[in-house]
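The values are calculated or read from the model by the stated rules, or taken from the named source; none is laboratory data. Keep in mind it's a predicted model, so treat the numbers as computed, not measured. Note that each Cβ is placed from the backbone with ideal geometry, even for glycine, and that neighbours are counted across all protein chains shown.
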Amino acid sequence: MIKVINFIIFTLLSQSIYASATLTKDGAYELYTSINFYQTSDSFNNKSKSEKYPNNGRFKKYELSYYYLYGLSNTTSLLVKGNILTDLSYKDDFNQLDNTQIGENAIGIKKHIKKYKHGTSAWMATISFPLFDKEKAPRPAAHQSDLEIRYLHDIYSAFKLDFISIETGVNFRLGIPVNQFKLDITIGKWFNNFLPMFHSYFVKSLDESNSNLTNSPLDAEDWDQWKIGPSLAYKLSRTYSIQLGYLNEVWGRNIGNGHSIFISLWCN
């Protein structure tokens, strides 16, 4: 079995403010597509120490993702998201793994909770399902379905920012991998047609293993991660915007230690 130290493939769908608590109007839709490139030759071990992959190993991922919202009413939106195409490769001095196929997809509901004087809140529930060949490696995601429940809260016009978007919730892994706590924060401020943003994405296992894991691409089931980075969106027209961003993994456990760049097109 080809051994690769501690990496897991995960979806970078929360790179934009499209997951904020703002609701889509009845009968309206929002569509966000994103192209992401990720690479690393390092990983965080079970003690959160960064180390090189063995034998000059390097992992790369190209991903085409989508995020679609449709307003079922003024308080409820249908959500569909996933990866249209995922191209994964791992190569070292002795081995090479390549896998190109459809990734993980999900469907769910986003529901308005309350509108405040300077903000709004909502909850969101999604269930994901793997559409890929589970036997091929590297694998685009975990091999089972997940149920994720989130609370979303947007704060407007605070600390000289136009918005602060906070999401927190639990990803219930309907299989072997352990459940996860998630906390995402995005801040931004408009300057004419430009919107600079800063993102923070935190994932923590709720049942941490104490074992010293050395995983193959098919294994990594217990991992933590914190990644941060900036992005810049530009409003092309009343309907379309484009976004360019960068994310860096600053801390983790049993997961790759790399960075990614992405470009997104918003239609809303």
Look at region 142-153 and say how many of its residues are small (Gly, Ala, Ser) and either touching a helix residue (DSSP H, G or I) at 6+ places or on another chain (Cβ under 8 Å) or at pLDDT 75 or above (or both).
1
Of all strands (runs of 3 or more DSSP E) completely enclosed by region 60-159, which ones contain at least 1 residues that are in contact (Cβ under 8 Å) with a residue 40 or more places away in the chain and aromatic (Phe, Trp, Tyr)?
76-91
Taking interchain pairs and intrachain pairs at least six residues apart, which have beta carbon atoms under 6 angstrom, with the first residue in region 26-47 and under 18 Å from residue 228 (Cβ atoms) and the second surrounded by fewer than 18 Cβ atoms within 10 Å (Cβ to Cβ)?
37/62; 37/261; 39/60; 42/50; 42/52; 44/50
Is there a residue being within 17 Å of residue 51 (Cβ to Cβ), at pLDDT 90 or above and surrounded by 20 or more Cβ atoms within 10 Å (Cβ to Cβ) anywhere in region 226-248?
no
Does any residue of region 95-107 turn out to be touching a strand residue (DSSP E or B) at 6+ places or on another chain (Cβ under 7 Å) and either under 20 Å from residue 200 (Cα atoms) or of a type in the set (Gly, Ala, Ser) (or both)?
yes
(1) crowded, with 16+ Cβ neighbours inside 10 Å; (2) among the polar types (S, T, N, Q); (3) more than 30 Å from residue 55 (Cα to Cα): which one isn't true of residue 74, the others all being true?
(1)
Looking only at region 72-94, count every residue that is closer than 30 Å to residue 137 by Cβ and either in contact with a strand residue (DSSP E or B) (Cβ under 8 Å, 6 or more places away or on another chain) or small (Gly, Ala, Ser) (or both) and tell me the total.
14
Among the residues listed as 38, 29, 70, 18, the single one being touching a Lys or Arg at 6+ places or on another chain (Cβ under 7 Å) and either at pLDDT below 90 or not aliphatic (A, V, I, L, M) (or both)
38
So how many residues does region 43-69 have that are surrounded by fewer than 20 Cβ atoms within 10 Å (Cβ to Cβ) and in contact with a Gly (Cβ under 8 Å, 6 or more places away or on another chain)?
2
